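K.L.:
Next up is a structure, given as structure tokens.
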């Protein structure tokens with residue numbers, strides 16, 4: 001027994017001298033000037049902190065008869081750890097659904113039709129970047145950006161009005177209580193068109209739309225449509241925890257700004273924007 005412990009200690013010393021760090025039964029190269037110390041978390045504790053009780057993760061590399069995936073190259077002593085580590089960062093792909101045909105349309109309107117292009121982007125976007133004036137202490141009165149899921153209506157009913165599902169727990173909602181004006185930027189880069197054309201997201205031919213206006217709570221008579229607009233496009237929202245006090249908001253437009261071609265931008269009259277159709 002003593003001889004075995006001596007050999008293990010000797011092996012550890014040799015590996016450290018050559019820039020290796022021991023972690024259980026696995027070794028990897030580290031910088032000779034930066035040998036990582038063991039973390040306080042054990043293999044038994046770490047999975048308990050990270051495990052997803054909703055079961056959203058699954059094994060990324062299913063076993064096959066002809067080969068083994070990366071998760072099977074080293075088998076931990078604990079089968080629970082093995083099952084967890086092999087599914088850490090992969091979504092359950094079979095539950096990721098394609099957008100309906102009306103949303104996945106890869107043929108945007110001609111760039112000369114600016115109002116229609118703006119409506120096309122507004123309807124075909126599932127999310128956007130909202131900028132508000134911050135109320136956070138360290139960045140008070142400075143711009144603050146946040147990502148939100150959006151919908152201007154079900155796939156077969158575009159309104160041009162952008163709806164949101166918000167919680168008072170969000171910093172952006174705190175900003176809006178102080179200053180209700182915001183800008184929402186959405187980009188054609190979200191879909192497949194710019195990738196197919198090999199346009200960089202900043203390429204002016206990859207259209208981007210910034211809608212500026214006042215964020216208001218959806219009135220009672222409009223709640224039914226707002227709910228249909230959001231939940232039909234983002235069905236998981238219907239299952240979000242009620243304790244977060246979710247509510248619906250919409251953007252009342254003041255300006256529609258569009259960049260969709262080389263040579264300048266367009267300010268689209270609000271009336272023209274709402275008259276246009278994305279279909």
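The values are calculated or read from the model by the stated rules, or taken from the named source; none is laboratory data. All values reported here derive from a predicted model rather than from experimental measurement. Heads up, the Cβs are rebuilt from the backbone with ideal geometry, glycines too, and the neighbour counts pull from every protein chain shown.
K.L.:
Can you name the helices (runs of 4 or more DSSP H) wholly within segment 79-179 that have at least 1 residues being at pLDDT 95 or above and in the same structural domain as residue 191 (by TED's automatic domain parsing)?
P.N.:
114-124, 171-178
K.L.:
Only one of (1) at pLDDT 95 or above; (2) under 21 Å from the mean Cα position of the chain (by Cα); (3) assigned to a helix (DSSP H, G or I) fails for residue 250. Which number is that?
P.N.:
Single failed check for residue 250: (3).
K.L.:
What pairs can you find where one residue is in segment 114-134 and in contact (Cβ under 8 Å) with a residue 60 or more places away in the chain, the other is surrounded by fewer than 22 Cβ atoms within 10 Å (Cβ to Cβ) and assigned to a helix (DSSP H, G or I), and their Cβ atoms are less than 6 Å apart, with a gap of 6+ or different chains?
P.N.:
115/272; 115/273; 118/273; 125/190
K.L.:
If you don't mind, there's one more thing I want to ask. Please enumerate the residues belonging to segment 176-202 that are loosely packed, with under 12 Cβ neighbours inside 10 Å and touching a strand residue (DSSP E or B) at 6+ places or on another chain (Cβ under 9 Å).
P.N.:
Selection gives 202 alone.
K.L.:
Also, quick follow-up: Restricting to segment 222-244, and then to whatever is touching a helix residue (DSSP H, G or I) at 6+ places or on another chain (Cβ under 9 Å) and under 22 Å from residue 182 (Cα atoms), can you tell me which residue is surrounded by the fewest Cβ atoms within 10 Å (Cβ to Cβ)? Outline the logic, then answer.
P.N.:
At the first step, the residues of segment 222-244 found to be touching a helix residue (DSSP H, G or I) at 6+ places or on another chain (Cβ under 9 Å) are 227, 230-231, 237-238.
Then drop every residue that is not under 22 Å from residue 182 (Cα atoms), which leaves 227, 230.
Working: 227: 16, 230: 23.
My answer is 227.
K.L.:
Given the structure, is residue 262 free of Cβ contacts under 8 Å to residues at least 40 places away in the same chain and out of contact with any helix residue (DSSP H, G or I) (no Cβ under 9 Å at 6 or more places or on another chain)? Write out each step before concluding.
P.N.:
On the way: free of Cβ contacts under 8 Å to residues at least 40 places away in the same chain: no; out of contact with any helix residue (DSSP H, G or I) (no Cβ under 9 Å at 6 or more places or on another chain): yes.
Answer is no for this residue.
K.L.:
Assigned by TED's automatic domain parsing to the domain that holds residue 173 and exposed (fewer than 12 other Cβ atoms within 10 Å of the Cβ): does that describe residue 219?
P.N.:
Yes; evaluated as a whole, the condition is true for this residue.
K.L.:
Let me ask another. In the set 164, 247, 279, 274, which member is surrounded by fewer than 17 Cβ atoms within 10 Å (Cβ to Cβ) and closer than 26 Å to residue 141 by Cα?
P.N.:
Details: 164 fails: surrounded by fewer than 17 Cβ atoms within 10 Å (Cβ to Cβ); 279 fails: closer than 26 Å to residue 141 by Cα; 274 fails: closer than 26 Å to residue 141 by Cα.
247 is the lone residue from the list that is surrounded by fewer than 17 Cβ atoms within 10 Å (Cβ to Cβ) and closer than 26 Å to residue 141 by Cα.
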